[in-house]
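Read-outs throughout are calculated quantities, based only on the coordinates presented, and are distinct from any laboratory measurement. Source: prediction; values computed, not measured. Heads up, the Cβs are rebuilt from the backbone with ideal geometry, glycines too, and the neighbour counts pull from every protein chain shown.
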Amino acid sequence: MDRRKFIASGATLVAAPLAAPSIAQAQTTFSWKMTNAYGPGSPFYVEGPGSPTDFCKKVEAMSDGRLKIQHFAAGELIPALEGFDAVRSGVVEMNAANAYFWAGRIPAAQYFTTVPFGMNFQGTNAWLYHGGGQELWDELYAPLGLKALPMGNTGVQMTGWFRDPIESVADFEGLKMRIPGLAGKVYAELGVDVKLLPGGEIFPALERGVIDAAEFVGPYQDRRLGLQNAAKYYYTTGWHEPSNTTELLIGKAAWDSLPADLQAIVTTAAMAANLESHTWSEANNAAALKDLVDNDEVIANTLPDDVVAELKAVTDRVLEEGAAADPATRKIHDAYMAFKAEHSAWADVSEAPLFKLPG
């Protein structure tokens, strides 16, 4: 037999069985469901650049249709804040929300949304992607059969809307306010009656006087809810949410069922949405704030310095108390703060001088 013909035919025989599993894997398709904590049509949280529906489209395109994700806004399949249980029970494979909504059952989860007086968008993502934050998130959720990824970030948020001006710490006493997460615990220490409401319920509650103040996101998102029609005092510092991460929650069994290439596609699409949603927010908030002030008689102000100082002091105490009460929170708190100290030291050298330049 001709030696070259023998080698060629042998290669064909060997290659055929090796290729079969790859072909079978490439033909496997997955149809998943994703629920959402936010209502239909919500920019950023449901629709638009970097939103969960945009993420679903990215995944389908990148996978050439091998992974299709059907998205359901709040109320379309389940109520707004029941996505955590829906994913755990396997009713759906994914949910889009914020991890601090699960604080009642997993206190440490709050660190993966935001930390009062914590890190900004850059620092938060540096921690999650390269500073051990994602690994800690995985460790926290693994016993619950869950996997999470960052899938969005609003950047720094506004302090919120108030029916009356805030001139001193005493003005918080007895105030009824919609505010989630660790910041809610800080406000509670100052006498605020804290309410946790889904986004769609904020305006009617503020308009009817059920609450006196509310925090949501920033100028573009808040204007869409019509909050300027229920309160006129709009404060900033961003102390409570210097960044805010959208959580992509995934059932661990569903995640493990995906081949490695689809896992990589989901991870990459989530990372793309994280960046795109933040840049979209940065591109739209300035014009929205100007419109609120110029056309809706909104009074935009910064919280007084002594109020911010007291909020910081209470925040330090609340965070330490939370860490002392729960080993998982202690581990994540210490890791977060250690990374924050390093990142802040670099920011003091790299960015702080830049912002002091004229113009």
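If you add up the charges near residue 41, with Lys and Arg at +1 and Asp and Glu at -1, over every other residue whose beta carbon is less than 14 angstrom from its beta carbon, what do you get?
Values: positive: 224; negative: 47, 54, 76.
The answer is -2.
Search the structure for amide H atoms under 5 Å from the amide H of residue 115, placed 1.01 Å from N in the peptide plane, and list their residues when 5 or more places away or on another chain.
HN-HN under 5 Å from residue 115: 243.
Would you indicate which of (1) 96, 46, 42; (2) 71, 64, 43; (3) 63, 45, 42 is the value of Cα extents along the principal axes in Å derived from the coordinates of this structure?
Derived directly from the coordinates: (1).
Quick one: Karplus J couplings for the stretch 40-46, per residue in order, coefficients 6.51, -1.76, 1.60, θ = phi - 60°, nearest Hz, x for Gly and Pro?
x, x, 5, x, 6, 7, 10
Show me the ranking of peptides 170-177, 114-121, 201-208 by mean Cβ neighbours inside 10 Å, starting with the highest.
Details: 170-177: 16.1, 114-121: 22.4, 201-208: 18.0.
Highest mean packing first, the order is 114-121, 201-208, 170-177.
In whole Hz and in residue order, list the ³J(HN,Hα) couplings for the stretch 285-292 that follow from phi through the Karplus curve 6.51 cos²θ - 1.76 cosθ + 1.60, θ = phi - 60°; x for Gly and Pro.
For the stretch 285-292, the Karplus-derived couplings read 6, 4, 5, 5, 5, 4, 5, 4 Hz, x marking Gly and Pro.
Residue 176: which lysines have alpha carbons under 22 Å from its alpha carbon, excluding same-chain residues fewer than 8 sequence positions away?
185, 195, 232, 312
What is the Cα coordinate range of the stretch 310-359 on the first, second and third principal axes, sorted by size from largest, in whole angstrom?
Projected onto its principal axes, the Cα set of the stretch 310-359 covers 46, 24, 11 Å.
Of the listed peptides 152-163, 126-137, 346-357, what is their order by residue-averaged count of other C-beta atoms within 10 Å, with the highest listed first?
Numbers: 152-163: 24.0, 126-137: 18.2, 346-357: 9.5.
Put in order of decreasing packing, that is 152-163, 126-137, 346-357.
So which aspartates and glutamates can residue 290 reach, going by Cα to Cα under 20 Å and dropping same-chain residues fewer than 8 places off?
215, 222, 282
Taking the Cβ of residue 288 as the center, what net charge do the other residues with Cβ under 12 Å away carry, scoring Lys and Arg +1 and Asp and Glu -1?
Details: positive: 223, 224, 290; negative: 222, 282, 291, 294, 296.
Neighbourhood net charge equals -2.
Taking only Cα atoms, what is the 0 to 90° angle, nearest 10, from helix 327-350's long axis to the longest principal axis of the chain?
So the helix axis and the longest Cα principal axis differ by about 80 degrees.
Kindly express, to the nearest 10 degrees and within the range 0 to 90, the angle between helix 305-325's C-alpha long axis and the longest C-alpha principal axis of the chain.
Here the helix axis deviates by roughly 50 degrees.
With point charges of +1 on the Cβ of Lys and Arg and -1 on the Cβ of Asp and Glu, referenced to the Cα centre of the chain, which listed residue (353, 179, 119) lies farthest in the positive direction of the dipole?
119
Quick check: net charge around residue 90, other residues with Cβ under 12 Å of its Cβ, Lys/Arg +1 and Asp/Glu -1?
Numbers: positive: 33, 88, 252; negative: 85, 93.
That works out to +1.
Could you give the size of the charge dipole of the stretch 205-359 about its Cα centre, using +1 on the Cβ of each K and R and -1 on the Cβ of each D and E, expressed in debye and rounded to the nearest 20?
Working: 12 positive and 25 negative charges, 37 e Å.
The calculated dipole for the stretch 205-359 is roughly 180 debye.
Which whole-number percentage describes the relative contact order of the chain, with Cα contacts under 8 Å and a sequence gap of 6 or more? Before the final figure, lay out each step's value.
Numbers: 597 pairs, mean separation 79.4, N = 359.
Answer for the chain is 22 percent.
Taking the chain as the reference, fit the longest principal axis to its C-alpha atoms, fit the long axis of helix 121-130 to the helix C-alpha atoms, and give the angle between the two in degrees, 0 to 90, nearest 10.
The angle comes out near 30 degrees.
Excluding same-chain residues fewer than 8 positions from residue 68, which lysines have a Cα within less than 30 Å of its Cα?
33, 57, 58, 147, 252
Which log10 I(q)/I(0) values does the stretch 28-112 give at q = 0.12, 0.18 Å⁻¹ under the Debye formula, counting every alpha carbon as one identical point scatterer?
Rounded to two decimals, the profile gives -0.36, -0.78.
Please give the calculated 222 nm ellipticity per residue for the chain, where each DSSP H segment of at least 4 residues contributes -39500 (n - 2.57) and the sum is spread over every residue; nearest 500 deg cm²/dmol? Before the final figure, lay out each step's value.
On the way: 13 runs with 174 residues, N = 359.
Estimated from H runs of four or more residues: -15500 deg cm²/dmol.
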